[in-house]
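Below is one structure, written out as structure tokens, with a few remarks after it.
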Amino acid sequence: MPNFPKPRIPDAIVPPPLRKPGKPGSAGTPEGQAPSDLKTAPPERKSAGDKLLDRGKEAPIDALGWVDQRLAASGFLTGMLFRKVPKGTNWFYTLGSATLFAFIVQAVTGVFLAMFYTPSATQAYASISHINNEVPLGQLVHGMHKWGSSVMVILIFLHLGRTFFFGAYKYPRELNWVIGVVLLILTMTMAFTGYLLPFDQRSFWASIVGININGTGPVVGPYLSDFLRAGPEFGATTLSRFYAIHMLLVPGALIALIGAHLYLVVKLGTTAPPWVRADRPKVAAPVAQLDAGANGHRVDGAPISGEGNGASG
Amino acid sequence: MADDANKVNGAEEAPVRERVKPDPPGYFEGESMTRRHVFTVASQALGGLAAAGIVLPAVGFAVAPIFHRGKERWEGVGPVSDFVEDTYRQVVFTETEGIGDAGKTTAYVRKSSEDLGEEPGKFVAVSNRCAHLGCPVRFVEAAGNFICPCHGGVYDFQGKRIGGPPVRPLDQFQTRVRNGQVEVGPRYSVTNQMEPVRARDPGEFTGGIWEYLYPPRPSTFPPP
């Protein structure tokens with residue numbers, strides 16, 4: 001882990017045993033001078049209800065502290081959530097998170113669709129009709145899944161374009177680019193296998209064409225299309241095969257690789273956009289210093305190019 | 001280090017019998033592996049064995065259909081008198097059982113014609129599956145051609161490609177006559193010279209070197 005600067009943690013989320021005692025006048029202690037005579041002006045006693053309320057306010061923090069004392073996750077979480085981002089970070093940098101959000105929408109709506117869907121060639125179409133026409137909110141959930149898939153494909157391509165045009169795939173982030181390409185392929189696999197599931201005329205013939213395109217690959221193509229169909233013709237198990245790939249095989253791989261993708265993003269940081277230049281000294285250097293810089297170093301000994309330009313996060 | 005330790009323990013003065021020093025360290029005379037190494041290798045081998053025991057059947061289960069050929073299926077499509085030489089009659093029959101309408105396919109059937117150089121007294125069943133990407137073609141009576149709605153593939157009366165993106169003639173089905181009924185059977189593909197070969201998927205060339213680039217699949221039936 002790079003040594004992240006530790007931001008100040010709000011007192012509210014620090015468990016009581018670790019909390020520093022507050023200074024007078026700050027955080028909970030009464031402000032102003034201490035009463036001159038405790039006998040004439042005794043401190044107000046809190047009622048039982050107020051005490052209970054105070055304890056209630058502490059309860060979630062205590063629970064959080066209890067978990068964190070055992071998990072020791074707050075260091076990692078603050079490092080992740082309060083990490084520095086480079087100058088020039090803009091809205092284009094949200095495309096990855098947007099893609100992740102689209103994936104989460106797909107995952108959640110997919111789980112609920114699976115409760116009503118029947119992956120059988122004779123019943124699939126009827127079960128989709130049932131979802132759309134009779135299940136409460138079924139059309140909405142199905143619609144979110146159907147249109148959300150297009151949204152996810154569009155967003156993943158925009159995210160890819162952002163990474164490419166900002167040069168964010170370069171050292172040391174090549175591995176994250178490779179993982180991203182695998183995620184793109186898996187997303188396309190999801191789109192392809194999901195298209196068949198409604199089992200109407202369009203999805204049936206589109207899948208026939210898609211499988212046959214797979215078959216045109218030399219040497220392995222014919223076997224690949226046989227594998228996808230589970231036989232030489234579109235058969236009884238083709239639909240269940242697509243269903244299993246769509247909701248078990250690929251989502252598992254997607255989730256694992258998204259985890260690796262995010263880990264590398266946090267570990268390596270993000271890049272500055274290409275139009276953000278290196279920080280330059282505000283005052284122009286005297287000519288003598290510029291001459292001294294001819295050997296590749298500034299007068300103070302730091303190399304002139306590359307280092308410390310603030311462009312790497 | 002070891003020598004120092006011996007000195008401290010006074011082992012140097014004790015009459016020890018000559019012993020071969022382990023070389024490399026950790027190995028004793030006659031040993032080719034340390035105990036630790038034996039257990040490392042053994043536990044990794046056992047783990048690999050267990051993993052293979054799970055993965056191989058699962059993968060085999062998933063790819064088995066590639067090597068499985070179903071039962072040969074014949075279906076009657078009409079009496080002999082229904083079919084003539086100079087035009088096709090459209091028939092629908094089941095190619096894959098158990099999946100309802102999705103398992104049905106369409107063929108265009110006619111009597112064989114000596115004018116086209118075919119063996120007389122037989123029946124020709126042309127599949128409506130386009131040889132480009134598998135869309136359903138239809139026979140257009142006025143033109144005497146098969147035309148595909150998807151990407152404009154055109155085939156002549158015999159099913160040979162005459163235009164558009166298809167890569168070979170239309171597939172055919174084996175035919176036979178039983179009890180006065182014309183029956184259609186397994187699918188097969190043809191080359192541009194109309195020689196029968198094992199069924200290929202749409203988009204795959206047939207004949208010549210293509211027979212190796214798009215090898216026949218074990219899940220299909222031998223051509224007639």
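The values are calculated or read from the model by the stated rules, or taken from the named source; none is laboratory data. What you see is a predicted model; the values in this text were computed from it and never measured. Positions of Cβ are generated from backbone atoms using ideal geometry, with glycine treated the same way; all protein chains shown enter the neighbour counts.
Remarks
- Some residue of the range B:136-146 being away from chain A (no Cβ under 12 Å), among the basic types (Lys, Arg) and part of a loop (DSSP other than H, G, I, E, B): no
- Residues being charged (D, E, K, R) and assigned to a helix (DSSP H, G or I) - total across the range B:46-84: 1
- Taking residues in the range B:68-79 that are touching a residue at least 24 places away in the same chain (Cβ under 8 Å) and over 21 Å from B:Lys111 (Cα atoms), and partners anywhere that are polar (S, T, N, Q) and assigned to a loop (DSSP other than H, G, I, E, B), the pairs with Cβ atoms closer than 8 Å and at least 6 places apart or on different chains are B:His68/B:Ser219; B:Arg69/B:Ser219; B:Arg69/B:Thr220; B:Gly70/B:Ser219.
- Residues of the range B:155-178 classified as farther than 30 Å from B:Glu72 by Cα and either in a strand (DSSP E or B) or touching a Lys or Arg at 6+ places or on another chain (Cβ under 9 Å) (or both), total: 2
- Unique match (being surrounded by 19 or more Cβ atoms within 10 Å (Cβ to Cβ), of a type outside the set (Lys, Arg), out of contact with any Ser or Thr (no Cβ under 9 Å at 6 or more places or on another chain) and farther than 30 Å from A:Val67 by Cα) among A:Thr109, A:Thr94: A:Thr109
So that you can scan it fast, the table gives a plain yes or no per residue for (1) in a helix (DSSP H, G or I); (2) in contact with an Asp or Glu (Cβ under 9 Å, 6 or more places away or on another chain); (3) within 22 Å of B:Gly100 (Cα to Cα):
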| residue | (1), (2), (3) |
| --- | --- |
| A:Leu184 | yes, no, no |
| A:Phe199 | no, no, yes |
| A:Ile211 | yes, yes, yes |
| A:Tyr223 | yes, no, no |
| A:Leu228 | yes, no, yes |
| A:Ala236 | no, yes, yes |
| A:Arg241 | yes, no, yes |
| A:Met247 | yes, no, no |
| A:Gly259 | yes, no, no |
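- Subset tally (residues that are modelled with pLDDT under 95, closer than 21 Å to B:Pro223 by Cα and more than 14 Å from chain A (Cβ to nearest Cβ)) for the range B:83-109: 0
- Residue match in the range A:158-179 (condition: touching a Gly at 6+ places or on another chain (Cβ under 6 Å) and either assigned to a helix (DSSP H, G or I) or buried (at least 18 other Cβ atoms within 10 Å of the Cβ) (or both)): yes
- Residue in the range B:182-189 that is farther than 23 Å from B:Val91 by Cβ and within 12 Å of another protein chain (Cβ to nearest Cβ) present: no
- Looking across the range A:217-241 at every residue that is more than 7 Å from every other protein chain (Cβ to nearest Cβ) and among the β-branched types (Val, Ile, Thr), the one that is surrounded by the fewest Cβ atoms within 10 Å (Cβ to Cβ) is identified as A:Val220.
- Restricted to the range B:110-133, and to residues there that are of a type in the set (Gly, Ala, Ser) and within 14 Å of chain A (Cβ to nearest Cβ), the residue that is surrounded by the most Cβ atoms within 10 Å (Cβ to Cβ) is B:Ala131.
- Answer from B:Ala58, B:Ala45 - the residue that is modelled with pLDDT under 95 and either over 30 Å from B:Glu118 (Cα atoms) or aliphatic (A, V, I, L, M) (or both): B:Ala58
- Subset of the range A:192-240 [of a type in the set (D, E, K, R) and touching a helix residue (DSSP H, G or I) at 6+ places or on another chain (Cβ under 7 Å)]: A:Asp200, A:Asp226, A:Arg229
- Residue match in the range B:194-217 (condition: over 19 Å from the mean Cα position of the chain (by Cα), within 22 Å of B:Arg69 (Cα to Cα) and surrounded by 23 or more Cβ atoms within 10 Å (Cβ to Cβ)): no
- Cβ-Cβ under 9 Å pairs, at least 6 apart or on other chains, the range A:101-128 side farther than 21 Å from A:Ala253 by Cα and more than 14 Å from every other protein chain (Cβ to nearest Cβ), far side among the hydroxyl-bearing types (Ser, Thr, Tyr) and part of a helix (DSSP H, G or I): A:Phe116/A:Ser127; A:Tyr117/A:Ser127; A:Tyr117/A:Tyr243
- Selection status of A:Ala244, within 12 Å of chain B (Cβ to nearest Cβ) and either in contact with a Leu (Cβ under 9 Å, 6 or more places away or on another chain) or surrounded by 16 or more Cβ atoms within 10 Å (Cβ to Cβ) (or both): no
Matching residues to (1) within 14 Å of another protein chain (Cβ to nearest Cβ); (2) within 30 Å of B:Val182 (Cα to Cα); (3) hydrophobic (A, V, I, L, M, F, W, C):
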site	(1), (2), (3)
B:Thr34	no, no, no
B:Ser43	no, no, no
B:Leu46	no, no, yes
B:Val55	yes, no, yes
B:Ile66	yes, no, yes
B:Arg69	yes, yes, no
B:Gly76	no, yes, no
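- Residue within the range A:199-216 that is polar (S, T, N, Q), within 7 Å of chain B (Cβ to nearest Cβ) and closer than 23 Å to B:Glu72 by Cβ present: no
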